[in-house]
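The values are calculated or read from the model by the stated rules, or taken from the named source; none is laboratory data. Note that the coordinates shown come from a computational prediction; the quantities given were computed from them, not determined experimentally. When we count neighbours, we look across all protein chains shown, and the Cβ atoms used for this are built from the backbone with ideal geometry, even at glycine.
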Amino acid sequence: MLVETGLILSCYFGFRIFEKKRERLKHPKNELVVETQKKLDFNLKVSGANLGLAGMRQFFYPQLAPLFLGSFLYNNLILYKRTEQSLKDKKFNIHVSSAIASLIAISANQYFATAIGCFFYHFSEKVIANTKQESEKVLTNVFDQLPRMVWVSKSATEIEIPLEKVKLGDTVIVTTGEVIPIDGVIIEGMAIIDQHALTGEFQPTEKEEGAQVLASTLVVSGKIWIEVEKTGSDSTVAKINQILIHSADFKSQAQLWGEKLADDVALPFFIFSLFALVLFGPIVGLVVFTASFGNNIRIIAPLSTLNHVKLASQQGILIKDGRSLEALKTVDTILFDKTGTLTGGVPEVGDIILCGEYGRNEVLIYAAVAECKLKHPIAQAICNKAKDLSLILPDIDDSKYQIGYGITAYVNQQVVRVGSARFMRLEGIPLPTHLKKIMDNSQTYVMVAINQQLIGVIEIRAVIRPEIEKIIRELHQHGIKHLAIVSGDHQAPTKELAKELGLDDYFYDVLPQDKAKIVEQLQKQGRSVAFVGDGINDTIAMKRANVSISLTGASTIATDVADIIFLNGTLSNIPVLFEISKDLEKNLQTSLGITLLPMAINLSGAFVFNMGYTTAVVMKKLIMLMGVGNAMLPLRKLEKIKQI
């Protein structure tokens, strides 16, 4: 009845006036999330009760009208608020037409059908919220290694306090094996710090007084006192986490297109419904209105997208922008940065330069015996090489690690020193002049000396990632026509690597600023380009590319810029990424097709088969469930992954 419709509108506007007069206190984000989930659960329960009340009121007990109207208004508050905002923005979209249709249905005594629509509305909101929340759980806290308790120096006394109580200017103490919990500057002490989680560098970095350190990096050896500069949400690692949190909020191009189409057709469809209502009566008008596909698109498309995001994240792939996931289907060219992208992991021993009467194996033996108790990648490379050659290491008498410089060991009554060139200079050991020219390149070198004489230099070089060759083959199978290296190295080694990996092309002697020019040149040739990089020097090219890809362990700027990040630190899932992109495209196309079914069924039902409004609503919601089932298909793959 019109009286009931007027009562609903009066109560709604009264509630909104009251609500605007009292400002609610803002809660922390984590409390808001919990409250939202509880609210959704409660709304769904109320909508179920409302459905029961509607059936009882329409078919058995009309006296339940006041109770039903109260629960109906409560259940539709969110829809009416969205309608109010749309009208303020001067938009006639799916929210506006849905709200008007619900009021017309009440006026036409279609209580049960309206309650069915309301129930499925809240059911859909709950499903999408759950999917999004689960996706966020997977996507966030990728760098969540920070300790709960930290040691702080207060009035010359070391005390342990919760991390959240650390303030700017405090002095935090971190020792061997501990994770640095804040961003700051070292004011006392020295340490070797593994920054791989943030920078991608395999070699631990020597840090001393005055050096900057970042949260989530690991102290391999030493003890340092750090003055706090950034904590909590201001730290570098926290900013990375925020990027990951927002990655669950993206919308794919197909989803955006579907939502825009739903809003664009809302007004014409509503006008058509009004004509049907005037000419054929309210029931026919309402049945025509149910033929609109807007709400189904808004439910099914994001659900499909979020489930594919979740599928990707379970396989170590972070999708930060849905448009990039869709853009992958058109990519025909992939450019790989060389250093840190095609190469990485534990380094290996390269050449051994002799500086005295000792042979290569002897130099390696003395280096390995000194480094064998250390855990950083360079020590592992030296020890692994000695093990591969089946070299027998003598017993070590004693060892003394000079934090930040090198190690001194006593072997067979000889003093063995292993470390950097700076370490040798500090120990008073002269370096031959010819070594300077040899070491003036990008490789890392470890000096080995016995007593006060340098006996050799061990070259430490990066290795090709073991998964690369297989990746190249699979990408060709996926239809990628052009795979190339972009490197700042000289022609000969770049050409050799391209040939070894089976790549189609290579670019050498490329300066950082020229990488973006290569991307632009290829795009002008009509190619769709994906750029895979890990460093600051790759970021401009990554921004220019159609799709940019990086991996954890890369520089923070690279991960900030990248559309897609491989969380396992390898590129092994690039073929999987393309498969997910194709699956999403097929799933969205199927979903969009499913959403059009109610239009054909209900329009024909309204004018040919005299379909009732309740039947039309039930038909539309059943088809919506078909679409939801299709959108949930990626979860089957998730179960298979978990079982592996």
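Descriptive notes on the structure:
- Number of the exception - ASP89 against (1) in contact (Cβ under 8 Å) with a residue 12 or more places away in the chain; (2) within 35 Å of the chain's Cα centre (by Cα): (1)
- THR131 being among the polar types (S, T, N, Q), at pLDDT 75 or above, closer than 30 Å to LYS620 by Cβ and crowded, with 19+ Cβ neighbours inside 10 Å: no
- Within the range 570-596, the residues that satisfy the criterion of being crowded, with 18+ Cβ neighbours inside 10 Å and under 17 Å from LEU625 (Cβ atoms) are ASN587, SER591, LEU592, ILE594, THR595.
- With respect to the conditions (1) over 29 Å from the mean Cα position of the chain (by Cα); (2) buried (at least 19 other Cβ atoms within 10 Å of the Cβ); (3) outside any helix (DSSP H, G or I), ILE565 falls short on a single one, namely (1).
- Residue list for the range 514-551, restricted to those being among the small types (Gly, Ala, Ser) and over 18 Å from ILE472 (Cβ atoms): ALA516, GLY526, SER528, GLY535, ALA541, ALA545, SER548, SER550
- Where PHE92 falls short, out of the listed (1) surrounded by fewer than 20 Cβ atoms within 10 Å (Cβ to Cβ); (2) aromatic (Phe, Trp, Tyr); (3) modelled with pLDDT of 75 or more: (3)
- Any hit, the range 495-509, residues being surrounded by 14 or more Cβ atoms within 10 Å (Cβ to Cβ), free of Cβ contacts under 8 Å to residues at least 60 places away in the same chain and part of a helix (DSSP H, G or I): yes
- Checklist (1) part of a helix (DSSP H, G or I); (2) at pLDDT below 75 applied to VAL46, failing item: (2)
- Counted as qualifying within the range 410-492 are the helices (runs of 4 or more DSSP H) with 1 or more residues that are modelled with pLDDT of 85 or more and among the aliphatic types (A, V, I, L, M), namely 421-426, 468-477.
- Exclusive hit being within 30 Å of LEU511 (Cβ to Cβ), at pLDDT 85 or above and not in a loop (DSSP other than H, G, I, E, B), set ALA386, ALA327, ALA381, ALA368: ALA381
- Test: residue in the range 218-229 that is in a loop (DSSP other than H, G, I, E, B) and either over 16 Å from THR175 (Cα atoms) or modelled with pLDDT under 85 (or both): no
- Subset of the range 361-385 [of a type in the set (D, E, K, R) and under 17 Å from ALA191 (Cα atoms)]: GLU371, LYS373, LYS375
- Of the residues making up the range 280-311, those that are at pLDDT 75 or above, among the hydrophobic types (A, V, I, L, M, F, W, C) and closer than 15 Å to LEU603 by Cα are PHE280, ILE283, VAL284, LEU286, VAL287, VAL288.
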